[in-house]
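Notes follow the structure.
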Amino acid sequence: ETGVGENSAFQERESVNLLLTGKPGVGKTTIIRRVLEALNTPATGFYTREIRGPGGRLGFEAVTLAGEKCTLAHVDFRSPYRVSKYGVDVSSFERIIVPSIDPDLHPEAALIVIDEIGKMECFSSRFREVVLRALDSAKPVLGTITLGGGPFIEGIKRRPDVELIVVTPSSRDFLPRTILDKLAGMGLH
């Protein structure tokens, strides 16, 4: 699945899904958090953050906007799903985090936050399926997507209803305002 649909209603939609991309550590999650702090709109979804120790980064935690957490990946996890030195806990991610981005489970939400659509998260077929449902829904998605990636990730980047926003050190400070303006144009404040 590439994530690109062919029905006419889909093709007529404006770019309603805003996905940030850029190098690791450039500030994509910080931008999402700043936008969420400024919005007075019911939102659902999740963001990721590093787990750090005395020796540096140990893994990644996923946190829903409702405050539920799971360790997505850790150097100490033994898992068949691996990215670099990190083992990925797909089952906890599917159980705790994936429901937060399902538009059918959150009728009250006006915005879906997906931080991030990346290699670790995409080990979950359920995640990939729900990402497509979220992108296809009437609710805008604000998210991040990895720079590289396989066919699923590249397919999402090519969707006509996705606006890809590249984050750089020189753009990251003004992007929260730009994104808030785009969301206001979609009726979110």
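Details
- Per-residue packing, averaged as other Cβ atoms within 10 Å, sorts the ranges 122-130, 169-177 into the order 122-130, 169-177, beginning with the highest.
- Cα Rg over Rh - the chain, Kirkwood: 0.95
- Computed lengthening from ALA184 to LYS85, 0.36 nm per intervening residue step minus Cα-Cα distance: 31.6 nm
- In the chain, a dipole from Cβ-located charges (positive for Lys and Arg, negative for Asp and Glu) runs towards its positive end, and of ALA138, ASN17, LEU175 it is LEU175 whose Cα lies farthest in that direction.
- Potential extension, SER92-VAL75 segment - 0.36 nm per residue separation minus Cα distance: 4.5 nm
- Among PHE93, SER79, ILE112 - extreme Cα towards positive end, dipole of the stretch 62-123, charges at beta-carbon: SER79
- Heavy-atom accessible surface of ILE179, to the nearest 10 Å², is about 0 Å², with a 1.4 Å probe and all protein chains retained.
- Distances between placed amide hydrogens fall under 5 Å for PHE77 paired with GLY87, all partners being 5 or more residues away or on another chain.
- In a simple Cβ point-charge model (Lys, Arg +1; Asp, Glu -1; nothing else charged), the stretch 79-172 has a dipole of about 360 debye relative to its Cα centre.
- Its DSSP H runs of at least 4 residues, each contributing -39,500 (n - 2.57), put the calculated 222 nm mean residue ellipticity of the chain at -7000 deg cm²/dmol, to the nearest 500.
- Long-range Cα-Cα pairs in the stretch 77-189 (distance over 21 Å), rounded percent: 43
- Rolling a 1.4 Å probe over the protein heavy atoms of the chain, with every protein chain left in place, gives an accessible area that is 51 percent carbon and sulfur.
- Going by accessible surface with a 1.4 Å probe and the largest first, ASP104, ASP136, ASP115 read ASP104, ASP136, ASP115.
- Centroid-to-centroid, using Cα positions, the stretch 107-134 and the stretch 169-187 are 21 Å apart.
The values are calculated or read from the model by the stated rules, or taken from the named source; none is laboratory data. Fair warning: this is a prediction, and the values are worked out from it, not measured in the lab. Note that we place each Cβ from the backbone using ideal geometry, even for glycine, and neighbour counts take in every protein chain shown. The area values use the complete protein model at the heavy-atom level, side chains included, leaving out ligands, DNA and RNA. Shrake-Rupley method; radii C 1.70, N 1.55, O 1.52, S 1.80 Å.
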